Each structure stands twice: as structure tokens, then as C-alpha cells.
Amino acid sequence: MTGVVEHGELFIGGAWSAPAGDAVIEVVSPHTEQVIGRVPHAAEADVDRAVAAARRAFDEGPWPRTSPAERIAVVRRIKDGLAARARELAELITSQNGSPISWSVPAQAYGPVAIWDAYIRVAEAHPFEELRDGAFGRALVRSEPAGVVAAVVPWNVPQFAAASKLAPALLAGCTVVLKPSPETPLDAYVLAEVVREAGLPEGVLSILPADRGTGAYLVGHPGVDKVSFTGSVAAGRLVMASAARTLKKVTLELGGKSAAIVLPDADLDRTVRSLTTAAYLNNGQACIAQTRILAPASHYEELAERLTAAVAALPVGDPLDPGTAVGPLVTARQRQRSLDYIALAQEEGAKLLTGGGVPAGLERGWYVEPTLFGDVDNSSRIAQEEVFGPVVCLTPYQDEEQAVRLANDSEFGLSGSVWTADVERGLDVARRIRTGTYAVNTFTLDCGVPFGGYKQSGVGREFGPEGFAEYLETKSIVLPKGYTAP
């Protein structure tokens, strides 16, 4: 990416339109601290226009009334268009949020393509109408689109989160107003171009880069029927409270403080290699990151030594360098947050095993060393609060029962993993953890099965038939006795 990317218009109702105000979002590189892009900052008047367009398109337009096959054909063209521009999207996202390009290509660019594709398969298999036998006769059960959707996506995985909301919403027949984060609005303009080329009808999609204030106005808008939000727990509470005033449907994908349980029989070479990736992926800016590692006391010292060496060896630097494993954090504010938690952990008595500061030679850019703490008390703030940076806790446990208790001792319940030579034993542990997504001897997010959180990690599910259902309403039409289908 070279030069400063300039966009002067907003994508409202499927067309480029001048913004209502003159406020501008400046996009700053977390590596160079230089401005790399400028886009309009959407105002409340722009939200009003976008919601009005979405409302008309839903209430009067063709999109909700087209056949599932017709919607699938358009969405498939969107998916193919994004795949064709995958490398461009990966580089744009890396330039904006510091995600290492080695991770951006598969996860930030092709990951969203896989989500679009997975939802197409779900929609193809979904029974939009089915005859059922009820208690007193037959009924037609219909799936109908939920309405106008406000989709709010974060900066850490902007296209991944957008796909998780747009794909099911569009396939269901909804219309959408998408609000990208002000830290990462540039890739949304590529999405808008792809959507236009795919032939999505007028009014069906608007894209409004803006801050939290405009986002709050969108979420509370009376013309919106459904809110899908990915972000922090604090923001999620505000979204839920706002939606409650008009009883909007909500899907909330929020924070995490996920625990990886290493059982005594685990293959330590494989476990350390996998957990180093799982803990520090996307520079630690991932809600599913395995940021608490629970180690058996019998193997604690060996595991601590191996993890320390692996974390210390992670290459840190320019996120566009293919050899980089950990890049800069997205903003100076996020860097300071990590540094503050590192100081807090030391005050709380955690043992600093590696990292703990700004990498030498990388004073420019918002870098934090990959940091590992040992002997962490699970009740401490560093173990209980989401840092959202490259800071990981290692905690010893005495037996399996204590490991399960420690894993469950959290207000979060989004992800987690267990590492063992005995898969059946791992499954038994998995069944006892209160979390929405779990893995045995692996770490991945599978967009073909439901994803979401227990407790304060969220409400509802994304991916799979369950994620698709979040954008549908169910209607039962009771039929007269003796009715037979034509």
C-alpha cells in the first residue's frame, strides 16, 4: 500500500453519496504512525438516510421477496468478488490494524470468503417453508427475514466480522446498515465496490464508517429491527440496553479470557507450538485468544521454560513483512492498555517470564513485546480481565478438577482448549467447561458450526444453521382440517 487512500463519499443504499457533514476519519498506520487514509465520518443524518433506504428496500423492494435461489446467486457473486481481491484486502487490513500479513492473508481475507461460502451452503439447505403436523392439524411453518439489520463490526477482524453478519442477513432477505470501526474503514470501500458489481438491489446495503456516537444512534434507531454487534462487553451492555427500548432482536459477540488446559499426558512439543500461535494470534487482539494457560504442577517448570523460549523467539516488527509473527497494536491507546496491565500484573505478584515492554528498535509504532507471566493467581485482574494485547498468563493447577474450576472461574465463556494424549479424556473435560466454543488438541474457529459465548461473552450465535436463524423470524400458518398440499 503506497500513498494516502482518499474517499470522499459514503455508500448509502447501494450508491455513492456525499456525506451530510464535513467530518473526516483519518486512518493512521500503527507501524509508522503516519496517516494512510481519509474517509468521511458518517453523521446521524447519514444514518437516517441509510435506514430509510433499508426500510424502503425491505418494506417495498424486491430483495425480501426474491427466491432463496436468487439471493444465493447474488451472494455467491459477492463471495467471488471478495476472493478475487483477497490479497488487496489483506494488505489494507494489515496496514490499518497491524495484523501480520502472514495471518491476514488466510484469516483476514480468505477467512471471510470461507464464511460467505459456508452461509451459502446453509441457505441452500434451509427449509424456508415446510408442512408440519401440529397437535390439531397441519400447519405451514415459514422462515421470513428479520427486517432491517444494524451490523456493527470491530477493527481487529473487520471483514471476518462483516461476513459473519452480512452473509446470513442478505441470504435471509434482510436489508443492512453496516458500521465499520473508525480504525479500519478502508477495506469496507472494497466491500462496497464488490457489492455494487454483484448486483445487490438498491437500498439493501449501506456502509457508514463512524465512531461510537454514530454507532449508538444507529443501534437505537426506530427503523432498525435487528442489531448484530461485535465488540467489548461494556459496549455490548449499552447496545443491549438500547435495543431493549424497542425490543429489537440482538446478537452480541463480546469479549473473552479463554483458558487452555494442558493435561499431564499432553505432547509438549505440539502443545507449545500450537498454544504460542493460539495465545498471540493477531498480536493478541483476538477475543478467542488462549490468554490463560493452565499447566499441571507436575510439568509446570518444563512447560514454563518451553513457552518462555517460544514466546521470546516470536519475530516482532513490520506487519507487512511475511516473517513477522507479532505486529503493532492498532492504536497508541491499545498499546498503553497492554503496558498498564503488564505493570499491574507485576504489582499483583505475577512472575514476568519474557517480554514486558516496548521492543528495542521499535519505539516508533505501537509495539509491545510478546509477554508471558508465570505463577499467575487466577483471581488476579491480569487473569480475569481482557487485555486485548500480547499478554498471556500461565497458572499451575494440582489436579484435573482444579483445572476445570479455574477454567470456569471467569465472567467470560467464549473459547478454550484442552491438550492431552487421550481424546476421550479431552472430550470429558470439554463437556465440563462453560464456554461456547472449545477444542481438543487443536485451535481453530470453524465457520461451519455455531460460534458464540456463554456468560458475558455474548448473546446468540454466529455461523452454522444457528447463526443463520438469528436473521430469520418464524411464522406458523395453521391450515384447515383436511388440507393437502398441491
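The values are calculated or read from the model by the stated rules, or taken from the named source; none is laboratory data. All figures in this text were calculated on a predicted structure; none of them were measured in a lab. Glycine also receives a Cβ, built like all others from the backbone with ideal geometry; neighbour counts cover every protein chain displayed.
Exactly one residue among Gly14, Gly98 is in contact with a helix residue (DSSP H, G or I) (Cβ under 7 Å, 6 or more places away or on another chain), over 30 Å from Trp366 (Cβ atoms) and assigned by TED's automatic domain parsing to the domain that holds Tyr119, and that residue is Gly14. Consider the stretch 3-20 and keep the residues that are surrounded by 13 or more Cβ atoms within 10 Å (Cβ to Cβ) and in a loop (DSSP other than H, G, I, E, B). The one that is farthest from the chain's Cα centre (by Cα) is Ala20. Residues of the stretch 404-438 that are farther than 24 Å from Leu254 by Cα, out of contact with any Lys or Arg (no Cβ under 9 Å at 6 or more places or on another chain) and not β-branched (Val, Ile, Thr): Ala421, Asp422, Glu424, Arg425, Gly426, Leu427, Asp428. Every condition in (1) over 30 Å from Gly137 (Cα atoms); (2) surrounded by fewer than 16 Cβ atoms within 10 Å (Cβ to Cβ); (3) out of contact with any strand residue (DSSP E or B) (no Cβ under 8 Å at 6 or more places or on another chain); (4) in contact (Cβ under 8 Å) with a residue 12 or more places away in the chain holds for Lys481 except the one numbered (1). Listed by position, the helices (runs of 4 or more DSSP H) contained in the stretch 48-160 that have at least 2 residues being more than 16 Å from the chain's Cα centre (by Cα) and farther than 30 Å from Leu314 by Cα are 68-84, 111-125. The single condition among (1) farther than 25 Å from Leu166 by Cβ; (2) in contact with a strand residue (DSSP E or B) (Cβ under 6 Å, 6 or more places away or on another chain) that Gly458 does not satisfy is (1).
Of all the criteria given as (1) within 30 Å of Arg335 (Cβ to Cβ); (2) exposed (fewer than 15 other Cβ atoms within 10 Å of the Cβ); (3) without any contact (Cβ under 8 Å) to a residue 24 or more places away in the chain, the one not satisfied by Ala69 is (1).
Contact list please: Cβ distance under 8 Å, first residue in the stretch 230-244 and more than 22 Å from Gln285 (Cα to Cα), second residue in a helix (DSSP H, G or I), pairs at least six apart or on different chains. Close Cβ pairs satisfying both conditions: Ser242/Ala216; Ser242/Val219; Ala243/Val219. Being closer than 26 Å to Trp16 by Cβ and either modelled with pLDDT of 95 or more or of a type in the set (D, E, K, R) (or both) is true of Val194.
Per-residue answers, yes or no, for (1) in contact with a Gly (Cβ under 9 Å, 6 or more places away or on another chain); (2) surrounded by fewer than 23 Cβ atoms within 10 Å (Cβ to Cβ); (3) among the acidic types (Asp, Glu):
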| position | (1), (2), (3) |
| --- | --- |
| Arg337 | yes, yes, no |
| Gly349 | no, yes, no |
| Gly356 | no, yes, no |
| Val392 | yes, no, no |
| Glu400 | no, yes, yes |
| Gly413 | yes, no, no |
| Ala421 | no, yes, no |
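Restricting to the stretch 234-285, and then to whatever is assigned by TED's automatic domain parsing to the domain that holds Val376, out of contact with any helix residue (DSSP H, G or I) (no Cβ under 9 Å at 6 or more places or on another chain) and not polar (S, T, N, Q), can you tell me which residue is farthest from Arg425 (Cα to Cα)? So the residue we want is Ala278.
Conditions tested, residue by residue: (1) under 26 Å from Gln34 (Cα atoms); (2) in contact with a helix residue (DSSP H, G or I) (Cβ under 6 Å, 6 or more places away or on another chain).
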| residue | (1), (2) |
| --- | --- |
| Ala345 | no, yes |
| Gly361 | yes, no |
| Tyr367 | yes, no |
| Pro370 | yes, yes |
| Phe373 | no, yes |
| Asn378 | no, yes |
| Glu385 | no, no |
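Among the residues of the stretch 445-465, those identified as touching a Phe, Trp or Tyr at 6+ places or on another chain (Cβ under 9 Å), in a helix (DSSP H, G or I) and surrounded by fewer than 23 Cβ atoms within 10 Å (Cβ to Cβ) are Lys455, Gln456, Gly464.
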